[in-house]
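The values are calculated or read from the model by the stated rules, or taken from the named source; none is laboratory data. Please read these numbers as outputs of a predicted model, since none were measured by experiment. Please note: Cβ atoms are built from the backbone with ideal geometry, for glycine as well, and neighbour counts cover all protein chains shown.
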């Protein structure tokens, strides 16, 4: 051990730094060298009478931890170990186990006595230690249940004892049965002792937000207020939770830019006249001193697999939150967009993604949870080919995830659906051609640059009168506080509509819109027998085309649940039935019609608007 620590460790660290493997990941040669050192160490520990596994373990201890190097080495080796060496080890352990020796009542009595002693001594000891460190009893018992798990380490120790003739085959078998029983009981017991609802309760209690016995909020944390001013203030988005994904990061940043605080400077902005035309105006924009910047928290979720490297990554999640490129892009760009940004990374199984987003939204008291729609239809966060992603965009995996989030009635939720047309596509004829690639030194191959233009936003909102539509309308007015944004809001009132409250709400908002946004928001009323088909038609005509000096970002904002009835259109097959139930009939119709605009589908929480 001293030789590995004082001779091998400095040498291998020097080699890794000199070759750049710590920064760029282990090369094939370095992996071979590490394996050679591990096998050599195992050979010598076996010779001196210590089990060979300790030699490999000690080599793992001396590897550098900088830049996740140890995790990258594990990623290179875990497939071979998990597919070949680990099954062989379990097979050998199984061959050494002889259940036929448990052939008497006394022997089975020893089995239960050993299992009982091993389980309860570990549970009691760990529980008392956790209680002495300030945990409540139920939480302490959960720690004890987790500590009682034996698993692979126990089997390694037992095999060492068997090979050293310390344990007989019968005793070895008794201890193997004990290890299996205590391992199998860990997961169900922990799930009962420490369920998610209890975790949320104890976190809120530690923050001083609730009373432990009743579960009620303390008065200073109870924000409920029935006054009109409080209701109006609660409709404005001040805290934003953004689910960060790599596949649609540009489109999401474009949307977040509308929440940015307007700086006080001379700026050129776009105004909309009474006929719907647009023109540029210049004004001295004074930032309101009472308007605080929107606080946007980026939350990136990574899949926790059953690989050892994935489990090792969880232990370094704080470092990942600081160095993750997607989170850092969100932080940096958010500062330019005048948004108070923060971000973090969380690693967990995909089945808990929806629960984690809703829990984080509650923790930060977000006014809106923004969830982008996956470009690939998968929860896996990675770069995908546009052609492959378009075919699977409405796959069941992501649709089920979105439905799990929308099932919550305690949060304002926005599903963001980016338009495919913003990405360059390649025709099938181009794909079939023989392609020749050029290096960066080829002077005949020029990459076209993006022209410098004024970026402007146009928002179209179909208003049908539902609770979701009311929240969407208030959100549109907030987005139009950005000087580069214009909006067209159309109230589609069918002849059978009987909800006078929806019309009154629309009339009140249209006549009491803030003066700062009055020149850029156009309110209209339209009557149609099929409101959704009329909304699709008007949305298509409302799309702004790029002109000289102005590049338009078109956005459609609408409520998810509408009271309007739609007839199945000929293009409705583009959206699956499950996706239609998730997004709503109006959003599904707009997607099927291939409107060239991004879409934000809003769902209001219970009791809002």
_Long-range neighbours under 9 Å by Cβ, at least six apart or interchain, first residue in the same structural domain as residue 42 (by TED's automatic domain parsing) and on the phi > 0 side of the Ramachandran plot within the range 1-25, second part of a loop (DSSP other than H, G, I, E, B) and at pLDDT 90 or above_ = 20/27
*asked:* Can you go through 82, 105, 134, 125 and tell me which one is within 33 Å of the chain's Cα centre (by Cα), loosely packed, with under 15 Cβ neighbours inside 10 Å and not assigned by TED's automatic domain parsing to the domain that holds residue 32?
replied: 134
*Working carefully through the options 68, 46, find the one that is under 40 Å from the mean Cα position of the chain (by Cα) and either on the phi > 0 side of the Ramachandran plot or assigned to a helix (DSSP H, G or I) (or both).*
68
*Hey, among 162, 189, 146, 181, which residue is within 21 Å of residue 49 (Cβ to Cβ), in a helix (DSSP H, G or I) and either touching a residue at least 24 places away in the same chain (Cβ under 8 Å) or in contact with a helix residue (DSSP H, G or I) (Cβ under 8 Å, 6 or more places away or on another chain) (or both)?*
162
*Could you list all residues from the range 315-328 that are out of contact with any helix residue (DSSP H, G or I) (no Cβ under 9 Å at 6 or more places or on another chain) and surrounded by 13 or more Cβ atoms within 10 Å (Cβ to Cβ)?*
317, 324
*If you go through the range 149-159 one residue at a time, how many are within 18 Å of residue 50 (Cβ to Cβ), in contact with a helix residue (DSSP H, G or I) (Cβ under 7 Å, 6 or more places away or on another chain) and surrounded by fewer than 18 Cβ atoms within 10 Å (Cβ to Cβ)?*
1
*asked:* Given the condition in the same structural domain as residue 136 (by TED's automatic domain parsing), under 26 Å from the mean Cα position of the chain (by Cα) and either closer than 30 Å to residue 97 by Cα or modelled with pLDDT under 85 (or both), answer yes or no: does some residue in the range 181-192 qualify?
replied: yes
*Picking from 528, 551, which residue would you name as being more than 15 Å from residue 457 (Cβ to Cβ), surrounded by 14 or more Cβ atoms within 10 Å (Cβ to Cβ) and at pLDDT below 80?*
528
*Given 533, 524, which one is in contact with a helix residue (DSSP H, G or I) (Cβ under 9 Å, 6 or more places away or on another chain) and under 20 Å from residue 592 (Cα atoms)?*
533
*Restricting attention to the range 581-607, which residues are under 25 Å from the mean Cα position of the chain (by Cα) and modelled with pLDDT under 85?*
606
*Does the range 26-37 include one or more residues that are under 32 Å from the mean Cα position of the chain (by Cα), surrounded by fewer than 17 Cβ atoms within 10 Å (Cβ to Cβ) and not assigned by TED's automatic domain parsing to the domain that holds residue 175?*
yes
_Quick check on residue 129: is it more than 30 Å from residue 55 (Cβ to Cβ) and part of a helix (DSSP H, G or I)?_
yes
*asked:* Just checking: which of the helices (runs of 4 or more DSSP H) contained wholly in the range 306-397 hold 2 or more residues that are out of contact with any strand residue (DSSP E or B) (no Cβ under 8 Å at 6 or more places or on another chain) and either free of Cβ contacts under 8 Å to residues at least 12 places away in the same chain or over 30 Å from residue 74 (Cβ atoms) (or both)?
replied: 317-323, 325-336, 353-363, 386-391
*Taking residue 466 as the residue in question, decide whether it is touching a strand residue (DSSP E or B) at 6+ places or on another chain (Cβ under 7 Å) and surrounded by fewer than 20 Cβ atoms within 10 Å (Cβ to Cβ).*
no
*asked:* What's the number of the only condition in (1) closer than 27 Å to residue 305 by Cα; (2) assigned to a helix (DSSP H, G or I); (3) at pLDDT 90 or above; (4) in contact with a helix residue (DSSP H, G or I) (Cβ under 8 Å, 6 or more places away or on another chain) that residue 32 fails to meet?
replied: (4)
